[in-house]
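Below you'll find the structure, written out as structure tokens, and then a few comments.
All of the numbers you see were taken from the coordinates with simple rules; none came from a lab. These numbers were taken from a predicted model, which means no experiment stands behind them. Heads up, the Cβs are rebuilt from the backbone with ideal geometry, glycines too, and the neighbour counts pull from every protein chain shown.
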Amino acid sequence: MSRHGFTSAFAAELEAYLAFKANMGFYGSSRIWYLRRFDAYCSEHNRTVFDRDTVEEWVSVQLQHSGRYRSWMSYIRDFGRWLSMHGATDAYVLSESWKAPILAPHPYLLAGVRSSCSSPPQHNCRFNRRGDGKRSRSSH
């Protein structure tokens, strides 16, 4: 078992990749957590080649359990790039098409709310519910 608990066929490469990132000042625990999940998946499914099937199947499994945020995909994409630059020229780099679409923001407007606070709002202001069911802002 490796320093970070990797057990798959990629254990040595994962350790070398994390050492490379640490030397660059990147110590992120989420990177290690997701790479451990990838490593466990590879061990459980006897994956020994860092190819498209291995990577995209793992990503598909992760997507079933993750929310709409996909920043974790950058870790496996970066690992693939690192492998290809360090001798594994056939290593798969996760396609950019797996990135989540950019969602347009939907601002929340405080329509119909009356404020008794000065403008700009002070930290000591809060919303109170009035007797008519509407909300208003007032000071403490």
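Overview of results
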quantity: Residues of segment 32-64 satisfying the condition of being in a loop (DSSP other than H, G, I, E, B) and of a type in the set (D, E, K, R); calculated: Arg47, Asp51
quantity: Selection from segment 27-59 of residues that are without any contact (Cβ under 8 Å) to a residue 24 or more places away in the chain and farther than 25 Å from Ser97 by Cβ; calculated: Tyr27, Ser29, Glu44, Asn46
quantity: All positions within segment 65-93 that are in a loop (DSSP other than H, G, I, E, B) and among the hydroxyl-bearing types (Ser, Thr, Tyr); calculated: Ser66, Tyr69, Ser71, Thr89, Tyr92
